[in-house]
Amino acid sequence: MTEPAVLHTTADHVLSVTLNRPETLNALTPGDRDEIVRLLSEASASPEVRAVVLTGTGRGFCAGADLRGTTATTGERAPGDVARTLRTGAQRLIAAVLDCEKPVIAAVNGTAAGLGAHLAFACDLVLAAESARFIEVFVRRGLVPDGGGAYLLPRLVGPQRAKELMFFGDALTATDAERMGLVNRVVPDGDLHKTARAWAERLATGPTRALALTKQLVNASLDADRATAFAAEAAAQEINMTTADAQEGVRSFVERRSAVYKGH
């Protein structure tokens with residue numbers, strides 16, 4: 001029996017999502033994208049999930065979109081098809097990661113190219129194996145970057161670095177990606193999944209709603225002026241102070257003990 005193209009398990013409040021088409025370096029079909037979007041949407045709503053790890057099997061994290069059999073290769077398309085496909089496909093996938101109410105960790109185990117690179121960069125934290133490579137492959141195919149790349153990269157590394165990566169399409173090593181600020185940490189290949197799991201389990205014992213609001217504030221801050229950002233911060237604090245975890249955090253401080261957060 002053939003294994004699913006997207007594997008997922010939940011244990012200790014951590015949802016693990018694994019791209020499982022190693023023969024294509026985990027290139028994403030439309031069905032794969034829809035499945036990841038569904039899993040992230042369900043994770044947002046589920047009290048059983050408090051952190052997410054996204055990774056791949058084999059030598060690749062994700063080689064981008066699987067273009068075989070699509071209108072991108074057949075040329076059979078009408079005006080508006082490309083924009084619609086992007087809105088409902090690659091852009092929807094990246095938005096699902098950015099909007100997920102639980103922290104999402106990318107454990108990049110190999111090549112992350114095109115949409116695959118942007119999928120990693122959209123995550124809240126990025127761990128990379130030493131063998132990982134990041135490639136803005138679009139220019140090699142005569143294409144404009146999609147999947148939110150021109151939105152994500154300048155915010156992570158600045159416009160000049162973003163243009164260098166996108167104009168040349170050279171492979172970026174894990175070490176160079178870490179130096180540029182695209183990766184939180186580079187670890188030996190054999191330690192990648194163990195480290196990702198440890199980070200996720202630590203997040204899963206944290207104040208889940210506070211983390212969700214913090215993620216929302218940080219993601220919105222780069223598009224907001226100071227007044228808007230400060231207003232959003234005050235509103236988030238107001239909302240968070242109604243949660244049981246916030247009350248537990250304050251109570252544990254007063255009682256001089258470690259907090260025990262329940263995720264609500």
> Between Ala65, Ala235, Ala128, which gets the highest mean-square fluctuation from a Gaussian network model of the chain, Cα cutoff 10 Å?
Replying inline: Ala235
> Which residue, Gly148, Gly60, Gly31, has the most motion in a Gaussian network model of the chain that connects Cα atoms within less than 10 Å?
Replying inline: Gly31
> Working out 0.36 nm times the residue gap between Glu23 and Val144, then minus their Cα-Cα distance, what length gain in nm do you get to one decimal?
Replying inline: 41.0 nm
>> How much of the DSSP bridge set in the chain is antiparallel, in percent, rounded to the nearest 5?
In response: 30 percent
> Where is the GNM fluctuation largest for the chain (alpha-carbon springs, 10 angstrom cutoff): Ala236, Ala11, Ala113?
Replying inline: Ala11
> Which aspartates and glutamates have a Cα lying under 19 Å from the Cα of Lys163, excluding residues fewer than 8 positions away in the same chain?
Replying inline: Glu136, Asp146, Asp176, Glu178
> Points 7 angstrom from Cα along the Cβ direction at Arg202 and Ser46: gap in nanometres?
Replying inline: 2.4 nm
>> Once you place label points 7 Å from the Cα toward the Cβ at Arg92 and Thr228, how far apart are they in nm?
In response: 2.6 nm
> Do you know the relative contact order of region 91-216, to the nearest whole percent, from alpha carbon pairs under 8 angstrom that are 6+ apart?
Replying inline: 30 percent
>> How much accessible area per residue does region 110-170 have, counting only protein heavy atoms and a probe of 1.4 Å, in square angstrom?
In response: 43 Å²
>> Per residue of region 55-65, what does 6.51 cos²θ - 1.76 cosθ + 1.60 with θ = phi - 60° give for ³J(HN,Hα)? Whole Hz please, x for Gly and Pro, Karplus curve as stated.
In response: 8, x, 9, x, 8, x, 6, 6, 8, x, 7
>> Per residue, how large is the accessible surface of region 1-99? Use a 1.4 angstrom probe and give square angstrom.
In response: 52 Å²
> With all protein chains present, how much of the accessible area of the chain (probe radius 1.4 Å) comes from carbon and sulfur, to the nearest whole percent?
Replying inline: 56 percent
> If you count the DSSP beta bridges with both ends in region 1-119, what percent of them are antiparallel, to the nearest 5?
Replying inline: 35 percent
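The values are calculated or read from the model by the stated rules, or taken from the named source; none is laboratory data. Quick caveat: nothing in here was measured; it's all calculated off a predicted structure. All Cβ positions, even for glycine, are placed from backbone atoms using ideal geometry, and neighbour counts span all protein chains on display. All accessible areas refer to the heavy atoms of the entire protein, side chains included, with ligands and DNA or RNA removed. Shrake-Rupley method; radii C 1.70, N 1.55, O 1.52, S 1.80 Å.
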